[in-house]
Amino acid sequence: KVRTSLNLDWQKKAQKVVRANAPFDTEGAMVSIDPGTGLVRVMVGGKDFSKSQFNRSILALRSPGSTFKIFAAAQAMDLGLMNPETIVNTRGPLQWGKFKIRDFHNYGNALTLTKVIVKSSNIGTARVAQMIGPLRQKQFLAALGMFDPTPFEIVEAVNAQPLLPKQYSELSAMTISYGHGISTSPMHLAAGYAAIANGGHYVSPTVLKQAGPQLGPRVMSPATAAASRQMLRQVVSEGTASFGEVPGYAVGGKTGSADKPKPRGGYYNDKVISTFASI
């Protein structure tokens, strides 16, 4: 048995927040993690939070959507391929074989890398992924823990194996860069953002209170992590996540949406998976 250090008061508050903002047919999850120690302070998930037998914070594998874009930008900067002001071609649609990648809005022919994140351009992020290439992208995302179940000390965590494409092609790398073609859990996403928040180290999610920082392997440089945090800050201060602004706090974050799959295949026309990852 493991005695957890989850703050029950915050758990109750989180449940109230999700209930108050979600209609009855909405399935929600919330994770809050300390980026220095990996301590999970809040973990809530389910449709009926008092009776659910399915832990959505751990087991709900879903496309993370545009919340993944910051990882592409971070890797490009870490490899020295780009900096925040590098101009990225956003002319669309982007044709790859018989497939076309489009943006929700027309952002013109070019954006800086920062604006690709702030405005959430699929085309721009896919261009970044092309420069990185599928092999290097796989190595980076694996270092962030996106290819394996999170090492979290509850029994169901071992079943949260992310869903990956069978053939990891250039097109896979392009779509994964904006959070499609891969399915991860909220816990995976929280751990990935923790690496940006703590200066570039992977940190393992844990229920055990730690005496001090428990930083794992370095996955990006401190400068890359700092530049990524500035991008996420601009997403909130002037981009798609203005609702995340809180007086007195420098909140950074990224919105994401993806089509919701049907249980027997295909996707709903009127339902989406919405995600907000923040620091």
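Only one of the listed residues (93, 64) is under 22 Å from residue 229 (Cα atoms) and at pLDDT below 95. That residue is 64. So, of the residues in region 28-43 that are small (Gly, Ala, Ser) and within 17 Å of the chain's Cα centre (by Cα), which turns out to be surrounded by the most Cβ atoms within 10 Å (Cβ to Cβ)? My answer is 38.
Over 19 Å from residue 112 (Cα atoms), surrounded by 13 or more Cβ atoms within 10 Å (Cβ to Cβ) and either free of Cβ contacts under 8 Å to residues at least 60 places away in the same chain or of a type in the set (Phe, Trp, Tyr) (or both), is that true of residue 266? Working first, answer last.
Working: over 19 Å from residue 112 (Cα atoms): yes; surrounded by 13 or more Cβ atoms within 10 Å (Cβ to Cβ): no; either free of Cβ contacts under 8 Å to residues at least 60 places away in the same chain or of a type in the set (Phe, Trp, Tyr) (or both): yes.
It is false that residue 266 is over 19 Å from residue 112 (Cα atoms), surrounded by 13 or more Cβ atoms within 10 Å (Cβ to Cβ) and either free of Cβ contacts under 8 Å to residues at least 60 places away in the same chain or of a type in the set (Phe, Trp, Tyr) (or both).
Just checking, does region 141-153 include any residue being of a type in the set (Ser, Thr, Tyr) and assigned to a helix (DSSP H, G or I)? Looking through region 141-153, none of the residues is of a type in the set (Ser, Thr, Tyr) and assigned to a helix (DSSP H, G or I). Scanning region 100-116 for residues that are under 12 Å from residue 89 (Cα atoms) and open to solvent by 70 Å² or more (accessible area, probe 1.4 Å) turns up just one, 109. Within region 203-235, the only residue that satisfies the criterion of being among the charged types (D, E, K, R) and touching a residue at least 60 places away in the same chain (Cβ under 8 Å) is 209.
Listed conditions (1) buried (at least 22 other Cβ atoms within 10 Å of the Cβ); (2) touching a Ser or Thr at 6+ places or on another chain (Cβ under 9 Å); (3) closer than 15 Å to residue 41 by Cα are all met by residue 206, apart from (1).
Within the set 219, 203, the sole residue that is within 12 Å of residue 36 (Cβ to Cβ) and in contact with a helix residue (DSSP H, G or I) (Cβ under 6 Å, 6 or more places away or on another chain) turns out to be 203.
Restricting to region 217-275, give me the number of residues that are aromatic (Phe, Trp, Tyr) and not in a strand (DSSP E or B). Before you say what the answer is, go through the steps one by one.
If we filter region 217-275 for residues that are aromatic (Phe, Trp, Tyr), which is where we start, we get 243, 249, 267-268.
Cutting the leftovers down to not in a strand (DSSP E or B) gives us 243.
Looking only at that region, the number is 1.
Is it the case that some residue within region 152-169 is farther than 17 Å from residue 220 by Cβ, open to solvent by less than 10 Å² (accessible area, probe 1.4 Å) and modelled with pLDDT of 95 or more? Checking region 152-169: not a single residue is farther than 17 Å from residue 220 by Cβ, open to solvent by less than 10 Å² (accessible area, probe 1.4 Å) and modelled with pLDDT of 95 or more.
Among the residues of region 85-99, are any of a type in the set (S, T, N, Q), surrounded by 23 or more Cβ atoms within 10 Å (Cβ to Cβ) and over 29 Å from residue 56 (Cα atoms)? So far as region 85-99 goes, yes, one or more of its residues are of a type in the set (S, T, N, Q), surrounded by 23 or more Cβ atoms within 10 Å (Cβ to Cβ) and over 29 Å from residue 56 (Cα atoms). Of all the listed residues (223, 190, 197, 227), the sole one being open to solvent by 10 Å² or more (accessible area, probe 1.4 Å) and in contact with a strand residue (DSSP E or B) (Cβ under 6 Å, 6 or more places away or on another chain) is 190.
Which one of 191, 226 is touching a Pro at 6+ places or on another chain (Cβ under 7 Å) and small (Gly, Ala, Ser)? Result of the check over 191, 226: 191.
The values are calculated or read from the model by the stated rules, or taken from the named source; none is laboratory data. Quick caveat, the model's predicted, so the values are computed rather than measured. Neighbour counts run over all protein chains shown; Cβ positions are idealised from the backbone, glycine included. Side chains included, ligands, DNA and RNA excluded: accessible areas come from the protein's heavy atoms. Shrake-Rupley method; radii C 1.70, N 1.55, O 1.52, S 1.80 Å.
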